[in-house]
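J.: My structure is below; once you've seen it, I'll send some questions.
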Protein chains: 2
Amino acid sequence: MIKHSEAKVRKPRYVRLAQQLAEAIRKGTYGLGECLPPEVELCRIHGVSRHTVREALRQLDEMGLISRRRREGTTIRARSSRRRYTASISTMADLFQYVRKPRYRILSERLVSAGAKTAALLGCKRSERWLKFEACRYHAGVAEPISFTEFYVRPAYGDVGASLRKRNPLIYSFIERHVDERVIEIRQKVRATAVPPEAARLLRVKPLSPGLYVSRRFLVHGNRVIAGSVSIYPENRFEISLDWRVEWARD
Amino acid sequence: MIKHSEAKVRKPRYVRLAQQLAEAIRKGTYGLGECLPPEVELCRIHGVSRHTVREALRQLDEMGLISRRRREGTTIRARSSRRRYTASISTMADLFQYVRKPRYRILSERLVSAGAKTAALLGCKRSERWLKFEACRYHAGVAEPISFTEFYVRPAYGDVGASLRKRNPLIYSFIERHVDERVIEIRQKVRATAVPPEAARLLRVKPLSPGLYVSRRFLVHGNRVIAGSVSIYPENRFEISLDWRVEWARD
DNA sequence: AAGTGGTCTAGACCACCGA
DNA sequence: CGGTGGTCTAGACCACTTA
């Protein structure tokens with residue numbers, strides 16, 4: 001069996017120290033709730049400078065294994081940790097990732113009653129009434145739309161109509177405005193699709209050519225859906241980019 | 001040095017320095033993609049030791065404002081760090097969202113030198129050497145593959161070969177194994193694509209039919225790419241699902 | 001060869017707080 | 001007061017990568 005090839009890579013002293021300490025904690029050498037030796041003592045024990053010890057402790061801290069307080073010492077908080085990855089976005093605009101002043105063109109606005117597909121999208125019952133918008137999004141100065149979107153919102157939130165009709169508005173501007181108080185979750189699905197003929201005409205691509213299908217549900221407290229959308233993005237006009245960063249979670 | 005002992009509520013020097021730098025970045029004094037001055041230069045400018053500078057930079061790094069690389073310098077990656085929505089996954093398997101015992105079939109394994117496309121995918125220079133795998137993924141009992149994947153890994157991590165060849169392995173099992181110490185970030189891009197003829201044959205779909213194109217980079221500490229992949233998912237075989245939850249600001 | 005961030009040492013004083 | 005972690009200085013060498 002092939003051996004690991006990391007023998008040649010010598011890890012920094014503080015990393016090795018952190019691993020040693022984590023292992024000791026895992027094995028119970030230092031028990032939950034107890035304290036690690038003081039930093040200066042760890043220096044003496046392991047024969048390193050305090051900076052190195054603190055760097056190692058910082059790693060354990062980030063992993064959630066220990067917590068440190070002046071005077072009180074370094075307390076064991078958990079015996080092991082595992083990683084999870086987190087992706088963050090800072091604004092709704094990031095979620096939709098529109099660069100360079102996108103423009104909207106609202107194509108239609110009407111009250112509809114949900115059919116099977118819409119009900120599935122919104123997680124509602126059939127024949128429920130929703131306000132439906134159809135829109136295309138553009139980059140300024142580019143004739144071809146970036147996307148075609150069907151947007152549904154509960155009639156109770158129908159003030160969206162007013163905000164949508166104003167000066168090339170962001171379709172989600174009303175959600176942006178309500179987001180701090182209302183929308184607590186967005187559920188998004190992405191899959192490949194063949195662009196339907198009607199959308200293809202608007203998007204100026206060949207019918208059934210490749211496209212991105214993105215559906216979103218906007219939920220408020222209590223898992224109530226207040227809005228939902230389906231967007232179609234043709235090939236080469238849009239890309240979803242996501243950075244996952246590691247985050248430590250205690251067991 | 002009996003310097004700054006006047007005010008009692010005074011924040012640590014490195015915190016103030018971090019705030020100064022964050023403000024400068026926000027205002028555009030240092031633009032996106034540009035570099036901050038070298039650490040020693042920052043020491044001179046602000047009249048502090050390198051340790052203090054590094055502590056400040058570490059804060060900016062944690063906020064996601066900068067990234068640092070030997071020789072290359074400290075580059076600005078974002079202008080502000082407000083995060084509102086977060087999507088979490090707990091394991092790599094969640095990222096790849098494979099339900100019900102997926103199976104792998106490795107089609108090829110060879111050492112390649114990066115061409116333009118591969119270099120772009122991996123963020124490396126052309127003609128760098130990488131270990132390349134081609135594979136298809138299946139649901140048990142289903143003849144049609146879920147996806148076709150090209151997977152690249154640095155030869156130094158080549159023990160992946162052994163783990164891949166074993167009993168229908170998860171292609172990323174080696175990353176799972178190394179994850180605790182190594183992979184701290186995954187950058188993912190998703191877009192629509194027409195399935196290329198070769199992939200189409202393997203996937204048993206018509207050439208140029210709609211597909212999902214997903215590229216991923218796996219980064220370790222220091223923003224080094226240790227692996228990357230491109231996967232093609234035909235229509236109706238796969239869906240990426242993401243839940244964004246609001247995260248209350250902790251300013 | 002030069003210059004970057006990464007690591008590490010040795011030592012200092014400070015802020016906090018229970019004994 | 002003593003002893004903890006928190007902050008900071010001054011300086012050193014290393015690893016890496018582009019020119």
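The values are calculated or read from the model by the stated rules, or taken from the named source; none is laboratory data. Being a predicted model, the structure only gives us computed values, none of them experimental. All Cβ positions, even for glycine, are placed from backbone atoms using ideal geometry, and neighbour counts span all protein chains on display.
J.: From the list B:VAL40, B:VAL53, B:VAL48, exactly one residue is more than 12 Å from every other protein chain (Cβ to nearest Cβ), in a loop (DSSP other than H, G, I, E, B) and within 16 Å of DNA strand D (Cβ to nearest atom). Which is it?
T.: It is B:VAL48.
J.: Under the condition of being surrounded by 17 or more Cβ atoms within 10 Å (Cβ to Cβ) and closer than 18 Å to A:GLY31 by Cα, which residue from the range A:46-67 is farthest from DNA strand C (Cβ to nearest atom)?
T.: Result: A:GLY64.
J.: When you scan the range B:20-40, do you find a residue that is surrounded by 12 or more Cβ atoms within 10 Å (Cβ to Cβ), among the basic types (Lys, Arg) and more than 19 Å from B:ASN223 (Cα to Cα), even just one?
T.: Yes: one or more hits.
J.: Now for a separate question. Is there a residue being outside any helix (DSSP H, G or I), within 14 Å of chain B (Cβ to nearest Cβ) and more than 10 Å from DNA strand D (Cβ to nearest atom) anywhere in the range A:18-26?
T.: Checked against the condition, which is being outside any helix (DSSP H, G or I), within 14 Å of chain B (Cβ to nearest Cβ) and more than 10 Å from DNA strand D (Cβ to nearest atom), the range A:18-26 yields no hits at all.
J.: What's the total number of residues in the range B:56-89 that are touching a helix residue (DSSP H, G or I) at 6+ places or on another chain (Cβ under 6 Å) and within 12 Å of DNA strand D (Cβ to nearest atom)?
T.: 2
J.: Okay, next question. Just to be sure before I move on: is B:ILE240 hydrophobic (A, V, I, L, M, F, W, C) and within 7 Å of another protein chain (Cβ to nearest Cβ) in the structure I sent?
T.: yes
J.: Next question, about the same structure. Out of everything in the range A:77-91 that is at pLDDT 80 or above and surrounded by fewer than 17 Cβ atoms within 10 Å (Cβ to Cβ), what residue ends up being farthest from the other protein chains (Cβ to nearest Cβ)?
T.: Out of the qualifying residues, it is A:ARG79.
Conditions (1) under 30 Å from A:ILE184 (Cβ atoms); (2) among the hydrophobic types (A, V, I, L, M, F, W, C); (3) in the same structural domain as A:LYS189 (by TED's automatic domain parsing), marked per residue:
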position	(1), (2), (3)
A:TYR30	no, no, no
A:GLU34	no, no, no
A:ILE45	no, yes, no
A:THR52	no, no, no
A:ALA56	no, yes, no
A:GLY64	yes, no, no
A:THR74	no, no, no
A:ARG79	no, no, no
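J.: Okay, moving on. Scan the range A:23-45 and report the pairs whose first residue is closer than 11 Å to A:ILE76 by Cα and away from DNA strand C (no atom under 16 Å from the Cβ) and whose second residue is among the charged types (D, E, K, R) and in a loop (DSSP other than H, G, I, E, B), with Cβ atoms within less than 6 Å and a gap of 6+ or a chain change.
T.: Cβ pairs passing all conditions: A:ILE25/A:ARG79; A:ARG26/A:ARG79.
J.: Let me ask something else. Does the range A:46-73 hold any residues that are touching a residue at least 12 places away in the same chain (Cβ under 8 Å) and on the phi > 0 side of the Ramachandran plot, and which are they?
T.: Those that are touching a residue at least 12 places away in the same chain (Cβ under 8 Å) and on the phi > 0 side of the Ramachandran plot: A:GLY64, A:GLY73.
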